[in-house]
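Worksheet: the structure to be examined is printed underneath.
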Amino acid sequence: MIKAILFDSGRVLNEPVSGHWFIPPNFFKYVDKKTFKSIPASNRKEAFNRAGNYINKQKFIFTEEEEYKHFVEYYRILSEQLPRLQLKDSDAKAIAKDMVYNYDKYSFYEDAIRLIPELSKKYKLAVVTDAWPSLEKVFEKAELRKYFSSFVISSIKGVTKPNELMYNTALYELDVLPEETIFIDDHAKNCDGASSLGIKPVVLCRNLKEYIYNKLVSTNYDVIRNLDELKIL
């Protein structure tokens, strides 16, 4: 009998309002959009990757204040990689502030808003996600945090999925066994980590091409397009 559901956050429950995880809502108040778009996409991607290499190496970020300091450095690196943007240090700080403290930076999918309250009446719920401390405030702002009895964030644990600590923390805090639990993620490799512990994995692909690929080629796990397709509903 299933007693608990563990959810990834990004692309399972929510997505960035800008369409890019590292472009916060007010990014183009400080970055000239025309200049940004004029830079070849490959160059922009490489710049974000280099900045990403920095942020991904940072472990044990416990507070929003610490998160902010690291994102200031992130956008300084991005600025160095894209000198045509002519970003000042004050711009990097302003973008970092928007990235961390703007709790409207993500929008929640309709099915998540509709079903999470209903699921919480029958199951213990947890978020298990590779993210930073500010995410919890995003859930609070959306009035969804109260439905989750466990909220496991990678930067606080010092590891990312598929490390077993991520899943085991949620199991411990929910006081459930692996075989009583479902884990939903948009990446099959993260589902591998859950499956190795005995948790039932479900791959959620809202993108049609990714759905078809995972359904037909990538994995033998259950693959769904949205939360309405969960077999336990």
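At-a-glance table
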read-out: Tally, over segment 176-193, of residues that are acidic (Asp, Glu), under 22 Å from ASN56 (Cα atoms) and open to solvent by 60 Å² or more (accessible area, probe 1.4 Å); value: 1
read-out: Residue ID - surrounded by the most Cβ atoms within 10 Å (Cβ to Cβ), chosen from residues in segment 142-175 that are among the aliphatic types (A, V, I, L, M) and part of a loop (DSSP other than H, G, I, E, B); value: LEU144
read-out: Among residues of segment 63-93, those that are of a type in the set (D, E, K, R), open to solvent by 90 Å² or more (accessible area, probe 1.4 Å) and over 21 Å from LYS137 (Cβ atoms), counted; value: 3
read-out: Segment 209-233, subset at pLDDT 95 or above and assigned to a helix (DSSP H, G or I), residue surrounded by the fewest Cβ atoms within 10 Å (Cβ to Cβ); value: ASP228
read-out: Matching residues in segment 16-41 - criterion: being in a helix (DSSP H, G or I), open to solvent by less than 90 Å² (accessible area, probe 1.4 Å) and of a type outside the set (Val, Ile, Thr); value: PHE27, PHE28, PHE36, SER38, ALA41
read-out: Residues of segment 42-62 classified as more than 18 Å from MET166 (Cα to Cα) and either open to solvent by 50 Å² or more (accessible area, probe 1.4 Å) or touching a Gly at 6+ places or on another chain (Cβ under 6 Å) (or both), total; value: 8
read-out: Subset of segment 87-99 (residues that are among the aliphatic types (A, V, I, L, M), out of contact with any His (no Cβ under 9 Å at 6 or more places or on another chain) and assigned to a helix (DSSP H, G or I)); value: ALA92, ALA94, ILE95, MET99
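The values are calculated or read from the model by the stated rules, or taken from the named source; none is laboratory data. Note that this is a predicted model, so its numbers are computed, not measured. Ideal geometry is used to build each Cβ from the backbone, glycine not excepted, and the neighbour counts take in all protein chains shown. Just so you know, the surface numbers come from the protein's heavy atoms only, side chains and all, with ligands and any DNA or RNA stripped out. Shrake-Rupley method; radii C 1.70, N 1.55, O 1.52, S 1.80 Å.
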